[in-house]
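**Student:** Please see the structure below; I have some questions.
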Ligand code: SF4
C-alpha cells in the first residue's frame, strides 16, 4: 500500500487530498457496456474475453434483455490463451457471421478484456483490418474494458475516445455544442427543450442514440461534460479544437442551474432570457429536493471510490441537502472536468484518490457514517456490520441529471436512511 499527500496548489480544492494505491474493489470497464448498449441503439459490443467476462455482462445486463442482445463475448479458449490458435482468424469468422446475421447493426465495438490484454491481442489492428473488409456495412473500432486498465465508468471514456478520430470536421465559421457523456433519452429530451428556449441550436449529445450521430468538431465547437468520467475523450476533443466550458455537473437544482448558466454565458445569451427560461424548472427542482431534506439534513455520508461520480454527488448532497461529508474516495480525480465542482466543496472535506481497500474500510468502521456510497461487492459486508449503504452503480444506471430528476436523486440517498429508521422502529416495538 502507499499513500501520497497531494499539494492543494495542484488542485482547485483547498482541502486535504491523498492518493492511495493498493487493493481495489471496483468493477471493470466492461460494465459500461450495460448503459452504452442501451444508449447507442444500433451498436453491438463484442467482448473478446473469458467466461468470467461473459458472466459479468450477462448477469449485470440480463434483466434488461427483452430482444436480441447487442452484446456478446467471443470466448478465448485454452488454445487461444496458450498461443496455439490464430485468434485473428477466429475473430474474423465471428465478426463476419455477426454482420451477416444482424443487419441493423451500424457500429461494432471490439472490447478488450484482461485475458486479451494478457495475451497481447492487438484489437486496434484487428478492428482496422475488419473495417477494411466490411467497409460499406458497419463502422468498427476497439477499446479496452479490461479490469487491469479500467474501472467501470472508464469503459465509457475508452469507448467514446475510440470514435473521436472519425468525427467529421466542423466547417470554418460554424458553431456547435457537444454534450459529452451518456445521459438517458428522457434527460436528452428535457435538455434539448431548454436549449431551444435559450436559443442555443446545433446541439449534439455524444454518444447519441444512433451510432451515426457523429458531431462535427473544430474550433467552433463548445464542449460541456454531462458526466465526470469522460476526461480522456474531452482531451481528445479539445485536441481537435473544441473549447471546454467549465461548470459543475447538472446534478440537483443548483448544479443544473449553474450548468445551463455556464453554457448560456459561453453563448452570450442575455441574462434576463436565461433567468426567465431557468427559473421555473429551478424552483420546481428546489421544491422536489427540499421534500427529502428532512431525511438527509445533518446525516454524515462517506464515499468509497467507485464510479467517479463521488465528487459531484458530494457537492450536491452538502450544498442542497445539508449532509456532512466524511470523506470522498474516488478512483480518479480528473482536475480538467472537476474544476467547476471543487470550489463548491467545503475546504475541510478530504478527497482520497485511488484505493487501498483495507485502510479505506477501517476509516468507515471507525467513523460509522450514516450512509456509505460504495460498490456492490463491499455493500453487503458493511450492511452486516450495521452500516447503511448505497450502491454507487445505481447512480450511473438511473437518470439523475437535470432539474426534473433532482428530487429523484435526493430520494436515492434518502431511501436507505428511511429504511433504517423504519427498521429501528420495528425492532423497538
Ligand atoms: S475484463 Fe478482467 S476484470 Fe473484467 S470480467 Fe473480464 S477478467 Fe474480470
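**Student:** Do we have any residue at all in region 107-123 that's surrounded by fewer than 22 Cβ atoms within 10 Å (Cβ to Cβ) and either closer than 20 Å to residue 249 by Cβ or modelled with pLDDT of 95 or more (or both)?
**Tutor:** yes
**Student:** Looking at region 119-149, which of its residues are closer than 20 Å to residue 330 by Cβ and out of contact with any strand residue (DSSP E or B) (no Cβ under 6 Å at 6 or more places or on another chain)?
**Tutor:** If the condition is that a residue be closer than 20 Å to residue 330 by Cβ and out of contact with any strand residue (DSSP E or B) (no Cβ under 6 Å at 6 or more places or on another chain), then 147, 148, 149 are the ones that fit.
**Student:** Now for a different question. Going by the conditions given, is residue 339 out of contact with any strand residue (DSSP E or B) (no Cβ under 7 Å at 6 or more places or on another chain) and either crowded, with 16+ Cβ neighbours inside 10 Å or touching a residue at least 24 places away in the same chain (Cβ under 8 Å) (or both)?
**Tutor:** Yes.
**Student:** Consider residue 255 against the criteria (1) under 30 Å from residue 139 (Cα atoms); (2) surrounded by 22 or more Cβ atoms within 10 Å (Cβ to Cβ); (3) not assigned by TED's automatic domain parsing to the domain that holds residue 414: it satisfies all of them except one. Which criterion is unmet?
**Tutor:** Going through (1) under 30 Å from residue 139 (Cα atoms); (2) surrounded by 22 or more Cβ atoms within 10 Å (Cβ to Cβ); (3) not assigned by TED's automatic domain parsing to the domain that holds residue 414 one by one, residue 255 breaks only (1).
**Student:** Hey, another quick one. For region 215-231, give me each residue that is surrounded by fewer than 18 Cβ atoms within 10 Å (Cβ to Cβ) and closer than 30 Å to residue 137 by Cα.
**Tutor:** Scanning region 215-231 gives a single hit, 216.
**Student:** So, one more: Does residue 283 satisfy the criteria of being in contact with a helix residue (DSSP H, G or I) (Cβ under 9 Å, 6 or more places away or on another chain) and outside the structural domain of residue 399 (by TED's automatic domain parsing)?
**Tutor:** Here the answer is yes, as residue 283 does meet what is asked.
**Student:** Next question. Among what's in region 35-49 and is within 13 Å of the ligand (Cβ to nearest atom) and under 24 Å from residue 103 (Cβ atoms), pick the residue that is surrounded by the fewest Cβ atoms within 10 Å (Cβ to Cβ).
**Tutor:** 47
**Student:** Something else: If you check 167, 160, which single one turns out to be away from the ligand (no atom under 14 Å from the Cβ), farther than 22 Å from residue 56 by Cβ and modelled with pLDDT of 95 or more?
**Tutor:** 167 is the lone residue from the list that is away from the ligand (no atom under 14 Å from the Cβ), farther than 22 Å from residue 56 by Cβ and modelled with pLDDT of 95 or more.
**Student:** Still on this structure: Being surrounded by fewer than 23 Cβ atoms within 10 Å (Cβ to Cβ) and touching a residue at least 60 places away in the same chain (Cβ under 8 Å) is the requirement here; does residue 398 meet it?
**Tutor:** No; evaluated as a whole, the condition is false for this residue.
**Student:** Somewhere in region 275-296, is a residue at negative phi, part of a strand (DSSP E or B) and in contact (Cβ under 8 Å) with a residue 40 or more places away in the chain?
**Tutor:** No, every residue in region 275-296 fails to be at negative phi, part of a strand (DSSP E or B) and in contact (Cβ under 8 Å) with a residue 40 or more places away in the chain.
**Student:** Given the conditions (1) within 16 Å of the ligand (Cβ to nearest atom); (2) touching a helix residue (DSSP H, G or I) at 6+ places or on another chain (Cβ under 6 Å), which single one is not true for residue 114?
**Tutor:** With (1) within 16 Å of the ligand (Cβ to nearest atom); (2) touching a helix residue (DSSP H, G or I) at 6+ places or on another chain (Cβ under 6 Å) applied to residue 114, the lone miss is (2).
**Student:** Could you pull out the residue among 108, 130, 98 that is touching a helix residue (DSSP H, G or I) at 6+ places or on another chain (Cβ under 6 Å) and under 22 Å from residue 53 (Cβ atoms)?
**Tutor:** 130
**Student:** Here is a follow-up. Restrict the check to region 135-145 and report whether at least one residue is closer than 28 Å to residue 77 by Cα, within 16 Å of the ligand (Cβ to nearest atom), at pLDDT below 90 and not in a helix (DSSP H, G or I).
**Tutor:** No - not one qualifying residue is present in region 135-145.
**Student:** Could you please let me know if residue 104 is at pLDDT below 90 and more than 16 Å from the ligand (Cβ to nearest atom)?
**Tutor:** no
**Student:** Oh, and also: Looking at (1) crowded, with 21+ Cβ neighbours inside 10 Å; (2) touching a strand residue (DSSP E or B) at 6+ places or on another chain (Cβ under 7 Å); (3) more than 30 Å from residue 197 (Cα to Cα), which one does residue 300 not meet, given that it meets all the others?
**Tutor:** It is condition (1) that residue 300 fails.
The values are calculated or read from the model by the stated rules, or taken from the named source; none is laboratory data. Model, not experiment: these values are computed from the prediction. Glycine gets a Cβ as well: all are built from the backbone with ideal geometry, and neighbour counts include every protein chain shown.
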